[in-house]
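Notes follow the structure.
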Amino acid sequence: MKREKYPKEEKWNVQDLYKNDKDFLASLEKFNQTIENYAKYENHILDNANSLYELLNFDNECSKTLEQLYVYAHLQNDSDTTNTKYQEYYGLATKAYEKYSVASSYVVPEIIKGSKELVEKYLKENPKLKEYERVLLHLFKYQKYVLSDKEEKLLAKISSAMATPDEVFSALTDADLKFGKIKDEKGNLVELNEKTYSILNKSDNRKVRINAFTKLFNTYGKFNNTYAYLLASLVKNDNNIAKLRGYDSALHQSLYASDIPVQVYDNLIKEVRENIEPLSKYWLIKQKALGVDKLHLYDTYAPIVKNITRKYSIKEAEDLIMETLSVLGSTYTNDLKQAFRDHWIDFCPNEGKRNGAYCTAVYNAHPYVLLSYNESLENVSTLIHELGHAMHYYYAMKNQKYQDYGYSIFVAEVASQVNQILLSKHLINKTKKREEKKYLIDDLISDFKATIYRQTMFAEFEKEIHELEAKGTILTHEVMENLYYKLNKDYFGKNIVVDKFIKYEWERIPHFYTSFYVYQYATAYAAAIKIAMDILNKKSGAVEKYLAFLSLGATKDPIASLKVAGVDMLDGTVLTEAFAYFKDLVEELDKLYQEGEVDG
């Protein structure tokens, strides 16, 4: 339906950012004037401790305002990507970000041109600078990768142009691309798109799954030149910037920002490739459960137990989430109630809405969650996942200053995955019905498969295309299709038919436009398994350690942050324990089938 037909209660409250568009435009105009004042600080930042403090405060206030402006325009645009007014607002906010980047581009190079010793001296001279100590000292980490003032300004000016592949991908995929109609299991013609596909590929009717799979990927295949150009452009940008700055690779540049050794990325791929066997065993269980001669990729999302299709209203989803997360204590659940009460969440699956789900936040307001809610258990899981992000933001905002609340991407997926695991375990332990237990264990196995195996496959694809481009290979659609198809064979090929149309799947993955992000889903899931199981097993201090972790923001590096939660990511046993956990789930499911089909 059109967005205006959905009730207000199902939409996020953007008025917490600006009461109306007029206020947004007024704030934008004022911001564009204010950032001109950056010029007066240039070449004077390190004159003395007070001038440094003044600049940092000014920059902080500009950043807060820009965050508010950008997120308002971003939310409005994502709510309905066909609305030209908010397309314009998003463009204006992006331009404001570009102006800010150019105006402030001298700040980091100028501070670094001084010396760490000078900054430390100023920290002692002006006690007020203490709140910026982490930020200031962290800057010197990048000293050898910062370019000249002129070069930094040039890069800032072209930053918005380098974001074009992502913006075009979103416009093409979310607004312009049409997949046509197919019949659902009831014989009704339904519009095929990314939202409906996530339902149709779980249909009990295999013909519906085949038609949805074939039609969706065949449509993407017709645009393979366009998608190849977009992704290849992004990869080229990544490699060029990394080379200009002197990093070993684009991967090195991405991980360096989060203090993560490249070995962590490579070891993840190695460990997952060495543990394909449990997944292959699961395919055999699924093949038997679905009653098919050969299991195909289009069968992998179909539930192994039929007729367990309970729908959850928004209120029922809220109640289930609160019940699940009660293990984290009343303070946590009382804080979480704000998300529903104060409309942090946009539920309605309206026409033109951005695909997928995410959580973002504004320090001067609160977190925001987007999803297209269809009342399925999967959507409840998506919701509790995004609310994990929201509470991570909320506690970081509540306990840290603006400059310290933005936690590392490496730890960003931990809280969300902890929530999903707690939900699945809660439902499994709650039911006494064998068939429902099978369904729920299969759902948890599917989460592991999607998060560890699938995201690691994505991570290897990203690594490979960046390395190929760096070596001079032209990333045509054929190059990417062949690579992607081979990786699917490597990760999923045993005991399953890897259908040819899967070679187009890379075209629909939005996370590829945030380079080297997806591997963190897998590493975070491994960490989340340990945290969640410690909480469920009532390990002493587990909840307290976890809540302390959520409150850290950026005050510790990601490895040290996870140690606060009781997880050592440099310990090789984390992934080993994660695969042991997965093997136990597969064995438990297999045992349920061996015991028979009748509910106890």
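Of the listed requirements (1) farther than 30 Å from S408 by Cβ; (2) crowded, with 23+ Cβ neighbours inside 10 Å, T523 misses just one: (1). Residue pairs whose Cβ atoms lie under 6 Å apart, separated by 6 or more positions or on different chains, with the first residue in region 240-253 and in contact (Cβ under 8 Å) with a residue 60 or more places away in the chain and the second among the hydrophobic types (A, V, I, L, M, F, W, C) and not in a helix (DSSP H, G or I), are L251/F516. Summed over region 466-480, residues that are surrounded by 15 or more Cβ atoms within 10 Å (Cβ to Cβ) and over 24 Å from the mean Cα position of the chain (by Cα) total 6.
Taking G541, is it surrounded by fewer than 20 Cβ atoms within 10 Å (Cβ to Cβ), out of contact with any Phe, Trp or Tyr (no Cβ under 9 Å at 6 or more places or on another chain), modelled with pLDDT of 95 or more and small (G, A, S)? It is true that G541 is surrounded by fewer than 20 Cβ atoms within 10 Å (Cβ to Cβ), out of contact with any Phe, Trp or Tyr (no Cβ under 9 Å at 6 or more places or on another chain), modelled with pLDDT of 95 or more and small (G, A, S). Residue-level analysis places Y6 outside the set of residues that are surrounded by 13 or more Cβ atoms within 10 Å (Cβ to Cβ), aromatic (F, W, Y), modelled with pLDDT of 95 or more and touching a helix residue (DSSP H, G or I) at 6+ places or on another chain (Cβ under 7 Å).
Regarding region 215-224, can at least one residue be identified that is among the hydroxyl-bearing types (S, T, Y), outside any loop (DSSP other than H, G, I, E, B) and at pLDDT 95 or above? So far as region 215-224 goes, yes, one or more of its residues are among the hydroxyl-bearing types (S, T, Y), outside any loop (DSSP other than H, G, I, E, B) and at pLDDT 95 or above. Note on region 254-349: enclosed helices (runs of 4 or more DSSP H) holding 2 or more residues that are more than 27 Å from I535 (Cα to Cα) and either in contact (Cβ under 8 Å) with a residue 12 or more places away in the chain or of a type outside the set (A, V, I, L, M) (or both) are 262-273, 277-290. Filtering region 1-57 to residues that are in a helix (DSSP H, G or I) and among the aliphatic types (A, V, I, L, M) leaves V14, L25, A26, L28, I35, A39, A49, L52, L55, L56.
Take A361 and decide whether it is among the small types (G, A, S), closer than 19 Å to Y546 by Cβ and in contact with a strand residue (DSSP E or B) (Cβ under 8 Å, 6 or more places away or on another chain).
Spelling it out, it is not the case that A361 is among the small types (G, A, S), closer than 19 Å to Y546 by Cβ and in contact with a strand residue (DSSP E or B) (Cβ under 8 Å, 6 or more places away or on another chain).
Please verify whether F169 is among the aromatic types (F, W, Y), touching a residue at least 12 places away in the same chain (Cβ under 8 Å) and touching a Pro at 6+ places or on another chain (Cβ under 8 Å), treating the condition exactly as stated. Spelling it out, F169 is indeed among the aromatic types (F, W, Y), touching a residue at least 12 places away in the same chain (Cβ under 8 Å) and touching a Pro at 6+ places or on another chain (Cβ under 8 Å). Note on region 490-505: residues that are more than 21 Å from K270 (Cα to Cα) and either part of a helix (DSSP H, G or I) or touching a Cys at 6+ places or on another chain (Cβ under 6 Å) (or both) amount to 6. For region 364-380, a residue qualifies if it is assigned to a helix (DSSP H, G or I) and either in contact with a strand residue (DSSP E or B) (Cβ under 8 Å, 6 or more places away or on another chain) or surrounded by fewer than 21 Cβ atoms within 10 Å (Cβ to Cβ) (or both), and exactly one does: E378.
The values are calculated or read from the model by the stated rules, or taken from the named source; none is laboratory data. Here the structure is a predicted model, which is why all the values come from computation and not from measurement. Please note: Cβ atoms are built from the backbone with ideal geometry, for glycine as well, and neighbour counts cover all protein chains shown.
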